[in-house]
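Data block below; observations after.
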Amino acid sequence: MLPSSRGMQTKPGPKRLRQSRFTVFQGSKLKVPRSKFHMAHEHGELESLVGVHSFAQIPTRGRKWWKHWGQLVETFCAASEARENRLTSKSQSRIAYELDEIKEVRRSKSTETRAALELMECVNTALSAPHDENSFWSGVSESEYEASTGKAFVYVRRDRAIGIVTVECLNLSAKRGRWMLTNGCTLVPNVCPVVKLGISRIWVCQTARGQGIAAKLLEAARKFTLPDQKIAKWEMAWSQPSESGLKLATKYNSVRHEKSGQMLIPCYI
Ligand SMILES: CC(C)(COP(=O)(O)OP(=O)(O)OC[C@H]1O[C@@H](n2cnc3c(N)ncnc32)[C@H](O)[C@@H]1OP(=O)(O)O)[C@@H](O)C(=O)NCCC(=O)NCCS
């Protein structure tokens, strides 16, 4: 008969420290050794989780955007007059380093995709637009509707994403292209231009409007959504442009109808 372990006396050994792992969700682990409080997490991920950044600031100042988020596609030396005036001659050299950047959001990187989705949440609220039209660029399926492919580009100034555009690659055989009259916003019947890209959303934070940022985002989207194809401006179509979107579209890629002299905007339905 084996001795019962209850009756056995064991000598107390040195107390072993154990490491606990707290999993918030896949890919984010906080290691908490007993002796020291130490956190290991992807830079920026925890802040994103606990909401250190302020959601309330997004409409005016954009969203916090970490340097390593996004694939760089273009840079601009866009030091504004205000910033230049603030800088003394001693620190003038800093201007050279304060480049604005346009970055492609990589769907394979969950943290930056989540940050861009959060930005889109705010954009869609501002536009009273559906909140479930991100899967074509994010790869995150939100509804049964499986959209085509596409991309999102953010405009980053210092450490904030102050503008975003999401662009859909359109199925050419679906004949979704239409012309819209800028005067009256009606669609021209029976004409279906073959448009290649659909501008799903475009947005710039309130304090950065009127500086050509939306136009730069549109150009980046035109060049880098399908980098192996040359896309004409008119081949980028709009989806129900807002009032300011219509003004932007009129300036960016409207065309004049020769016979009537009317201005037309490429749209998709
Ligand atoms: C529409 C929006 C993206 C424009 O962003 P922006 O960075 O201010 O636009 P840009 O400075 O690049 O404008 C380029 C041109 O478009 C025209 N334009 C853009 N917005 C305009 C506005 N509100 N009023 C008049 N013209 C405007 C101008 O001709 C401008 O060129 P100019 O300044 O040399 O005359 C921005 O106002 C916004 O985010 N609005 C809320 C979201 C929205 O409505 N998005 C459109 C959905 S379709």
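FYI, it's all coordinate maths here, none of it is from the lab. It should be emphasised that the depicted structure is a prediction, and the values quoted were computed from it without experimental measurement. Methodologically, a virtual Cβ is constructed for each residue, glycine included, from the backbone with ideal geometry; neighbour enumeration extends over all protein chains shown.
Where does the charge balance sit around residue 233 when Lys and Arg score +1, Asp and Glu -1, over other residues with C-beta under 12 Å from its C-beta?
Neighbour charge sum, excluding residue 233 itself: +3.
By count of other Cβ within 10 Å, fewest leading, how are 255, 191 ordered?
191, 255
Please compare each pair in 151/230; 151/216; 103/223; 64/230 to a cut-off of 21 Å on the Cα-Cα distance and tell me which ones are over it.
Over 21 Å apart, Cα to Cα: 64/230.
Please list 219-227, 241-249 highest first by mean number of surrounding beta-carbon atoms within 10 Å per residue.
219-227, 241-249
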